[in-house]
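First up is the structure itself, then whatever we jot down about it.
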Amino acid sequence: LPSLAIHLKKKYEKYLQSLSKSVKQKIRTAYNRLKRDELDYKLTILDRNNVPSIDFNKLKELYTLRNSFRKEKHNWKVKTFQALNNGFSGPADMFDLNELKQTDFTLGLLEFKNEVAAYFFGFERNGKIEINRVVINDAFKFYSPGLILFNEYIKIAFEQNIEVIDLTNGDEKYKFDLGGKM
């Protein structure tokens, strides 16, 4: 699948203008729903300096729950290799690796009611961030937390001189909606 990236223009307003009318309306609707239901939101950007305060197990659980419907189909060779490689522990999640917590990562947490509504995890370098994981909490799906997460992060990205948000491989609709291009 193609890799999609958002190439940021000089200002947030320019970026917003580049989105389709329907996507801009979805973003407005998401904020209006929060306002109507008196839900405050908070975006927090964390890095390896914040490792002690990050609950990686909770983030992993949210990821596992969100993706529990996906059943990957593998042939017998892959299944055998996975069984031998993982043993009785099951496949390792990236958040289980201590090396990951020692790298220069970026974790964007969006919270509603002091609860994680959505998050992304990626690596930033030289004005580019590669997003490796995006997760939304289904309990807040009505409020489009993924759109709010990225909209708020993109505002910050301009201030931090990030020029490219690489959404990696995949053809998920939100990537195109946010202005992702190959």
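The values are calculated or read from the model by the stated rules, or taken from the named source; none is laboratory data. The structure displayed is predicted, hence computed values, not measured ones. We place every Cβ from the backbone using ideal geometry, glycine too, and count neighbours over all the protein chains shown. Quick note on the areas: whole protein, heavy atoms, side chains included, nothing else; ligands and nucleic acids left out. Shrake-Rupley method; radii C 1.70, N 1.55, O 1.52, S 1.80 Å.
Please state which one of Asn85, Asn75, Asn67, Asn98 is within 27 Å of Met182 (Cβ to Cβ) and at pLDDT below 85.
So the residue among Asn85, Asn75, Asn67, Asn98 that is within 27 Å of Met182 (Cβ to Cβ) and at pLDDT below 85 is Asn67.
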Inset, instruction - Mind listing just one residue for me: the one in region 163-173 that is farther than 14 Å from Tyr15 by Cβ and in a loop (DSSP other than H, G, I, E, B) and, of those, modelled with the highest pLDDT? - result: Glu172
Legend entry - Options Phe142, Phe150, Phe176, Phe158; residue that is at pLDDT 90 or above, under 24 Å from Val23 (Cα atoms), among the aromatic types (Phe, Trp, Tyr) and surrounded by fewer than 21 Cβ atoms within 10 Å (Cβ to Cβ): Phe142
Legend entry - Single condition Val23 does not satisfy, out of (1) open to solvent by less than 80 Å² (accessible area, probe 1.4 Å); (2) at pLDDT below 90: (2)
Legend entry - region 125-139, residues that are in contact with an Asp or Glu (Cβ under 7 Å, 6 or more places away or on another chain) and either open to solvent by 70 Å² or more (accessible area, probe 1.4 Å) or free of Cβ contacts under 8 Å to residues at least 24 places away in the same chain (or both): Lys128, Glu130
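Would you call Tyr63 open to solvent by less than 100 Å² (accessible area, probe 1.4 Å), closer than 16 Å to Gly146 by Cα, under 15 Å from the mean Cα position of the chain (by Cα) and in contact (Cβ under 8 Å) with a residue 40 or more places away in the chain?
For Tyr63, the condition - open to solvent by less than 100 Å² (accessible area, probe 1.4 Å), closer than 16 Å to Gly146 by Cα, under 15 Å from the mean Cα position of the chain (by Cα) and in contact (Cβ under 8 Å) with a residue 40 or more places away in the chain - is met.
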Legend entry - All positions within region 106-115 that are out of contact with any strand residue (DSSP E or B) (no Cβ under 6 Å at 6 or more places or on another chain) and either open to solvent by less than 10 Å² (accessible area, probe 1.4 Å) or not in a loop (DSSP other than H, G, I, E, B) (or both): Glu115
Inset, instruction - For residues that are within 21 Å of Gly122 (Cβ to Cβ) and either open to solvent by 60 Å² or more (accessible area, probe 1.4 Å) or in contact with a helix residue (DSSP H, G or I) (Cβ under 7 Å, 6 or more places away or on another chain) (or both), tally how many sit in region 28-46. - result: 4
